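A quick write-up on the structure given underneath.
The values are calculated or read from the model by the stated rules, or taken from the named source; none is laboratory data. Here the structure is a predicted model, which means the values were calculated and not measured. Backbone-built Cβ (ideal geometry, glycine too); neighbour counts: all protein chains shown.
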Amino acid sequence: MNERSPAEPPSEPPAELPAELPAEPPAEPPAEPPAQRLSPGRHGLSREEVLASQRGRMLAAMIDVTAEKGYGATSVADVLKRAGVSRLTFYQNFSCKEECFAAAYDLVAEAVLSKLLPGIAASGTAASGTAASGTAGAGTDSPGPAGSGTSQTAMDSVVAAVGAYLEALADEPAVAKVFLVEAYAAGPQLLARRSAVQKSVVQVVADLLSAKTPAQQLACEAMVGAIVSLATNRVADGDFDALRSLHAPLSELIRGLAVHI
């Protein structure tokens, strides 16, 4: 009797491959280098370079949001959202909203003065050089308004600087609102900052126009005060085009006040 060998188990069919292989997980992007803070003072960086830092983005956000909503209605959360940074990052840079706004104000003041003061300083140096050279500069620096000791070169320099100031404000409405309007809402310390900036401009103008006596320096203060006041009113009204139209009447005002210098 023949013995049958045990039946071999049927072989299993080969497993079917899935129609699509699972995709490999995407590679993680390289970590960004830590943002570097800008050192205080004149850094000479472009707007793009300022915005490349987290601190710079927060200052720009404070300027933009404050110009839109007003200082009182602006919150730290608004700044975080606009700048795209965390609350921790904010408080690593600033102790409070007021400190952030003060730093933003310093930034806009520097931006405005950078358009205003170099021309005055350059013209003042040129006028001094003309006076020191005697006959070499004769005929190039005529007397200013009758009855004043102010040279025409110095007066033209102030008039040109006012034009540059008004253009800078008209070109950057957010900067103009923070610099001239919202500073009033930010408390006494910020007002003291604003006053110090204005006094520095008065002193530069007084030096350029050779204002020595108290009456002459008062005339320079009145000149700068009138310019700032008229510009502030236009900015508060949102009429930025009217800023440029102030140049002609302010030029006449400046030349009229120069009689007292």
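A count restricted to region 206-235 and to residues that are assigned to a helix (DSSP H, G or I), aliphatic (A, V, I, L, M) and farther than 23 Å from Ala183 by Cα stands at 5. Among the residues of region 83-109, those that are within 17 Å of the chain's Cα centre (by Cα) and either among the β-branched types (Val, Ile, Thr) or closer than 9 Å to Met62 by Cα (or both) comprise Ala83, Cys100, Phe101, Ala104, Val108. Please tell me if Val205 is buried (at least 20 other Cβ atoms within 10 Å of the Cβ), in contact (Cβ under 8 Å) with a residue 40 or more places away in the chain and closer than 15 Å to Ala154 by Cα. Taking the combined requirement at face value, the residue satisfies it. Take the conditions (1) surrounded by 10 or more Cβ atoms within 10 Å (Cβ to Cβ); (2) at pLDDT 55 or above; (3) not hydroxyl-bearing (Ser, Thr, Tyr); His43 misses just one of them, which is (2). State yes or no: is Gly149 at pLDDT below 65 and in a helix (DSSP H, G or I)? For Gly149, the condition - at pLDDT below 65 and in a helix (DSSP H, G or I) - is not met. If you go through region 87-128 and pick out every residue that is of a type in the set (Val, Ile, Thr), farther than 25 Å from Glu182 by Cα and at pLDDT 55 or above, you end up with 1.
Residue count for region 239-253 under the criterion of being outside any helix (DSSP H, G or I) and touching a helix residue (DSSP H, G or I) at 6+ places or on another chain (Cβ under 8 Å): the result is 2. The residue list Ala131, Ala154, Ala160 contains one member that is touching an Asp or Glu at 6+ places or on another chain (Cβ under 8 Å), in a helix (DSSP H, G or I) and at pLDDT below 90, which is Ala131. Among the residues of region 73-91, the one identified as of a type in the set (S, T, N, Q), surrounded by 12 or more Cβ atoms within 10 Å (Cβ to Cβ) and either touching a Leu at 6+ places or on another chain (Cβ under 9 Å) or assigned by TED's automatic domain parsing to the domain that holds Glu182 (or both) is Thr89.
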